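A single structure is presented below for examination.
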Amino acid sequence: MKYLDEFHDSERAQKLLEQIHAVTTRPWALMEVCGGQTHSIIRHGIDQLLPEQIELIHGPGCPVCVTPLETLDKALAIAARPEVTFCSFGDMLRVPGSNQDLFGIKSGGGDVRVVYSPLDAVELAAQLPDRQVVFFGIGFETTAPANAMAVVAAKRRGLTNFSLLVSHVLVPPAIEALLDSPVRRVQAFLLAGHVCSVMGTEQYDPLVERYRVPMVVTGFEPLDVLEGIRRAVMQLEAGDARVENAYARAVTAKGNPVAQAVLEDVFEVTDRSWRGIGMIPQSGWKLSDRWHDYDAECRFDVATVTAPESTLCRSGEVLQGLIKPSQCEAFGKECTPRRPLGATMVSNEGACAAYYQYRRLEPGSVTISQRTEVPVV
Ligand code: SF4
C-alpha cells in the first residue's frame, strides 16, 4: 500500500542501519518527542538494532500521558453531572483520575460518549438542545486546530449548549524545559512530524541557536524513524546543530497558516502542568477571553480542582529519560495497562505501555509470574 509499504521496506531499513553504524563513533543520547514514534521504535525493535552507543530516550510526547491528573478530575466532575453529555476520544476513557475514570462515570449512568472528531460533538449539541455537550480537548499542536474549529463551528451555528474542556500542551517550551534541566541527558531531538506539519519547522530555529542541539523533524513509520536517527547522528558526529526536515512529504518551514490563524484566534498561551513533570511556564493553550463562553472549566466551575500525583509512579523520570519504564519498581506489578498507576502506562503511545506490550519478557524486566494481564491494544 502506497505510503505504508514503502516505509517498511527491510532492504532500505538495512541500508539506513548500515549508514548509522558506519557514522557512529561515540555515545549519543537522542530523544523522540512523540508517542507515535516511541510506539514505532519499541514495536519494531529499532532501538535494539542501533549501535550500542546510541540511546533513545522516550520524551514527553504522548498527549494522554502528559494530561495532568487535575484535568482528568475536572473532566470526571463535569461528566458526572446529570445535564452533561461528555464527549472524548476513546483513549481518554481509561485514563485514571484520582478515584475513577470516565468508564466508571459511564457505567454509573453518566452520558459519556466516544466521538471521532470534535465536530461530531458539535453535531451532537445540535441534536440534543436540552443537554450540555462538552468535548475533552487535549493534546499537542496537532489536535488543537480541530478543537479550535469546533468552537468556531458551534458559534456559527448559534449553539450555546456546546463547550470545550481544554488542556493543550506545546512542544517547544517542553523541549526548552528539558534542555534547562540540571539532569539533562539528551543531545539531539527527533521532532514530531505531525506537530511540525501544523506549526512549521521555523519555530525550532531559536532553540537550536540557543542550545546548539540538533533537531530533526521525523515521521512515524520505521524508515522515517531510522532516517531521523541517521540525520541526527550525522549532525552530532560532525559537531553540527541545525533544524533538519526528514519528513518533507508533510512538513514545511512555515507549517499550515490557515490552521495557525484559527489557533491564534481561539487560544492563548498559558502556564500548564504536565503530568509527571510539573508546571512548565507558557507551555499550553487555553481558550482566549473572546471564547470564554465556550470554556467548560468556567461553565461548570471546576477551575479550582487540584489533585496530587501518585507517589509510586516514576513517569516523570521516564519522560525525562532518567530511567527506562522497566526500572520502575511498580512496572508490571502494581502498574499494568489494566490497572495503570500513571498515564504512561495507559495510552498505547505511552513509554511504559509500549515496554509492557513489547519488552516485558526480556531479561531484567518483570518475571512472567509477576504478570497477570494481557496488554490492551
Ligand atoms: S510503570 Fe507505572 S508506575 Fe512506573 S513509571 Fe510507568 S506508569 Fe508510573
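Expressed as a rounded percentage, what relative contact order does region 315-359 have, with Cα pairs under 8 Å and six or more residues apart?
31
Same structure, new question: Tell me which residues come under 5 Å, amide H to amide H, from Arg272 once H is placed; ignore anything under 5 positions away on its chain.
Here Ile280, Gln282, Ser283, Gly284 satisfy the definition.
Using Cα springs under 10 Å in a Gaussian network model of the chain, which residue among Phe136, Phe86, Phe103 shows the largest mean-square fluctuation?
Greatest mean-square fluctuation among the candidates belongs to Phe103.
Could you check the spin-label model distance between Thr304 and Glu83? Points 7 Å from the Cα along Cα→Cβ, value in nm.
It is 2.0 nm.
Now, a different point. Report, in cubic angstrom per residue, the convex hull volume of the C-alpha atoms of the chain.
144
Can you tell me the 0 to 90 degree angle between the C-alpha axis of helix 118-127 and the longest principal axis of the chain, rounded to 10?
10
Can you give the convex hull volume per residue for the Cα atoms of region 315-359, as a whole number of Å³?
Taking only Cα atoms, region 315-359 has a hull volume of 61 Å³ per residue.
I would also like to ask the following. If you line up the long axis of helix 144-156 against the longest principal axis of the chain, both from Cα atoms, how many degrees apart are they, to the nearest 10?
20
DSSP loop chymotrypsin sites (Phe, Trp or Tyr not before Pro) in region 1-47 with at most 13 other Cβ atoms within 10 Å of their Cβ, which ones?
Tyr3
Let me ask another. Filter the chymotrypsin sites (Phe, Trp or Tyr not before Pro) in region 155-262 down to the DSSP loop ones having no more than 15 other Cβ atoms within 10 Å, then list what survives.
Here no chymotrypsin sites (Phe, Trp or Tyr not before Pro) fit, given the DSSP loop and packing criteria.
Hey, what angle do you get for helix 257-266 against the long axis of the chain, alpha-carbon based, 0 to 90 degrees rounded to 10?
40
Now a separate question. Loop sites only, by DSSP: take the GluC sites (Glu not before Pro) in the chain that have at most 12 other C-beta atoms within 10 Å and name the longest stretch containing none of them.
84-328
Please compare each pair in Lys15/Lys254; Lys286/Lys333; Lys254/Lys286 to a cut-off of 28 Å on the Cα-Cα distance and tell me which ones are over it.
In this structure, Lys15/Lys254; Lys286/Lys333 exceed 28 Å between Cα atoms.
A further question follows. Using every alpha carbon pair in region 56-125, what percent of pairs falls into each 5 Å bin from 0 up to the bin containing the largest distance?
Pair shares across the bins are 3, 16, 26, 24, 17, 8, 4, 2, 1, 0.
A short reminder: the numbers here are calculations on the coordinates, not readings from a lab. These numbers were taken from a predicted model, which means no experiment stands behind them. Positions of Cβ are backbone-derived with ideal geometry, glycine not excepted, and every protein chain shown enters the neighbour counts.
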